[in-house]
Amino acid sequence: MKVIKRNGRTEDFSKKKMLRSIGAVLHHVGVNNHAVDNKILKDVIKSAGRTETIHSKQLRKYAGEALARNNYRQAREFYDMGWVHSKPVDIKYVIKKNGKPEKFMPEKIFRSVHKSFRKSFRENRNAEFVVREIIHEISNKDSMLMHTSDIRHLTERAMLDRGLKKAAKHYAMHKYT
């Protein structure tokens, strides 16, 4: 089977690579069992069927579904966020409302955007594009720290610029209450 990557390149499907990513997310949630890793991998391969060419997004979707079907929902959420860490940012800390610095964690942006999309009944795949836009904006900043209010404004603006008023409203209601 050939896999079409995000950049358009095509490469052979690698069981080893898929198994490594599945194992990593399960390890992150405290599951260190190779039999479980292999079970999820077999489920992904079964979902792909005898397809000769498949897009990497579809494989990610199958892996997420396999994790959810096997009651590893937290691992699925982490798997969905894997791309967040693929582009590091210079921001190391955020300044919270109370004035204290905290380590910058892009997955928090992903989770809050994801929640607002679920509450507004929007497709979650749009959440990925919104978060990518926010991470890109943040990575263009010259500072090593940023205020959470600035991140909140960037997030709301990204949603509104995409015409996602209902999702932006749910996000704002959650963040301002």
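The figures follow:
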{"read-out": "Test: residue in the stretch 35-50 that is in contact with a Gly (Cβ under 6 Å, 6 or more places away or on another chain) and either modelled with pLDDT under 90 or over 18 Å from Ile4 (Cα atoms) (or both)", "value": "yes"}
{"read-out": "Matching residues in the stretch 144-162 - criterion: being of a type in the set (D, E, K, R) and surrounded by 14 or more Cβ atoms within 10 Å (Cβ to Cβ)", "value": "Asp150, Arg152, Glu156, Arg157, Arg162"}
{"read-out": "Hits in the stretch 52-71 - residues which are of a type in the set (Lys, Arg) and at pLDDT 90 or above", "value": "Arg69"}
{"read-out": "Among (1) farther than 30 Å from His147 by Cα; (2) in contact (Cβ under 8 Å) with a residue 40 or more places away in the chain; (3) in contact with a helix residue (DSSP H, G or I) (Cβ under 6 Å, 6 or more places away or on another chain) - the single one Leu19 does not satisfy", "value": "(2)"}
{"read-out": "All positions within the stretch 163-177 that are in contact (Cβ under 8 Å) with a residue 12 or more places away in the chain, over 19 Å from Val94 (Cα atoms) and surrounded by fewer than 19 Cβ atoms within 10 Å (Cβ to Cβ)", "value": "Lys166, Lys169"}
{"read-out": "Enumeration of residues in the stretch 34-79 that are of a type in the set (Lys, Arg) and crowded, with 20+ Cβ neighbours inside 10 Å", "value": "Arg76"}
{"read-out": "Among (1) assigned to a helix (DSSP H, G or I); (2) farther than 22 Å from Pro106 by Cβ; (3) under 19 Å from the mean Cα position of the chain (by Cα) - the single one Asn38 does not satisfy", "value": "(3)"}
{"read-out": "Single residue of the stretch 114-143 satisfying the filter (of a type in the set (Asp, Glu) and surrounded by 15 or more Cβ atoms within 10 Å (Cβ to Cβ)) that is nearest to Tyr79 (Cα to Cα)", "value": "Glu128"}
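The rows are residues; the columns are (1) in a helix (DSSP H, G or I); (2) within 30 Å of Glu156 (Cα to Cα).
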| residue | (1), (2) |
| --- | --- |
| Asn7 | no, yes |
| Leu19 | yes, no |
| Asn71 | no, no |
| Asn98 | no, yes |
| Lys115 | yes, yes |
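The values are calculated or read from the model by the stated rules, or taken from the named source; none is laboratory data. Just so we're clear, the structure is a prediction, and the values are computed from it rather than from any experiment. We place every Cβ from the backbone using ideal geometry, glycine too, and count neighbours over all the protein chains shown.
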